[in-house]
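Following: one structure in structure tokens, then a few remarks.
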Amino acid sequence: MKICPRCQKTFTDDNLNFCLEDGTTLQPMAAAPAPPPPPTVQMNQPVTNPNQPAAGQQAWNTPQQYGGQPQKKSSKAWIWVLLVLGLVIILCGGGFGLLAYIGYKSEQANNNRVSTSDTPAPKDKDKTNTVGNKSTTSTNNSARTDVTTLDFNMFVRNFSIYGETTLEGDELTVKANSSIAYYVLAAPDEYTTEDADTRVTLRNTTGVICSHGYGLVFHSNPQPLQQGYAFLIDTKRGKYTVVHHEPHKEIPVVSWTSSTAINSGTAENTLEVRDHDDTVDLYINDTMVKSIKNEYGYSAGVAGLYVGNGVKIAFKNFQIKR
């Protein structure tokens, strides 16, 4: 087949050389290009992008992930801890200006120490007791007659993680929640023991041994166990001791000492401290058993109560005389 390059008319007679319309020399027509062959299909062709595997096919040559662990968010648990502690302080020691604290000391250390209504004052009576190596007679004569009786309601806590306090009639029973701890209650600021006679009657309700002791706190910081004294007895052993407190420390002033002035078992005992210019006289059942120098007392310190070893102690007639 040929075509006229001028008029574009085609002729099928291959022997014809000139266009019958305009005489132009005919040109052979170019053959149409053959269509391209279909692409070759390869089965199970590997994926060229390792980060984007084909559907249903497992990625290969996945790049290794580098870098540290993702940064953890800052924990705010400590805020809740502070809030809980604050609530405990409010519940256990914030009411009425009264504070209660608990302390611990090892049994080994303890064994190495040898261990507003007025109430009529008790009648005077004479007793003989051994103080040091001398036999001493002492009486309950005191020139201080202005008596303030502490209201035990101020010591009662509805809830405390440290100890139990219950008012039963005229007695306040107190017990530490732990058998290896001692529990201390301190009165508000106005109940100072400086230049005063401070006394309380107590009894061991079960008569069991109490290695930490129980008794009367005096010259104490209103925040207990920071600075002050405790005059303690154990009726099971018939002994008394005096300790002073520093933060996280209980230090003996008088080692455990036997005394015949102590009533044994569950019988009542009255402890009294009489503060003077620079000394403090200590009485058990109106008998002076020891006199100590006031070296560790808190200035204008207050009165308080002390119990140890989970032993339930009953207190009554808690008084300050001036």
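Bear in mind these aren't lab numbers, they're just calculated from the coordinates by the rules spelled out. Computed from a prediction, not measured in an experiment: that's the story for all the values here. FYI the Cβ positions are ideal-geometry reconstructions off the backbone, even for glycines, and counts take in every protein chain you see.
Overview of results
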{"read-out": "Paramagnetic reach from ALA300 (point 7 Å along Cα→Cβ, amide N under 12 Å) across the range 217-249", "value": "222"}
{"read-out": "Inter-label distance, nm, simple model (7 Å from Cα along the C-beta direction), ASN141/ASP170", "value": "2.7"}
{"read-out": "Simple spin-label estimate for PHE159 and ASP195 in nanometres, 7 Å along Cα-Cβ", "value": "4.3"}
{"read-out": "Spacing of the two label points (7 Å from each Cα toward its C-beta) at GLN223 and SER264, in nm", "value": "4.3"}
{"read-out": "Mean-position separation - Cα centroids, the range 138-189 and the range 249-288, in angstrom", "value": "17"}
{"read-out": "Ordering of 312-322, 229-239 by packing [mean C-beta count within 10 Å, highest first]", "value": "229-239, 312-322"}
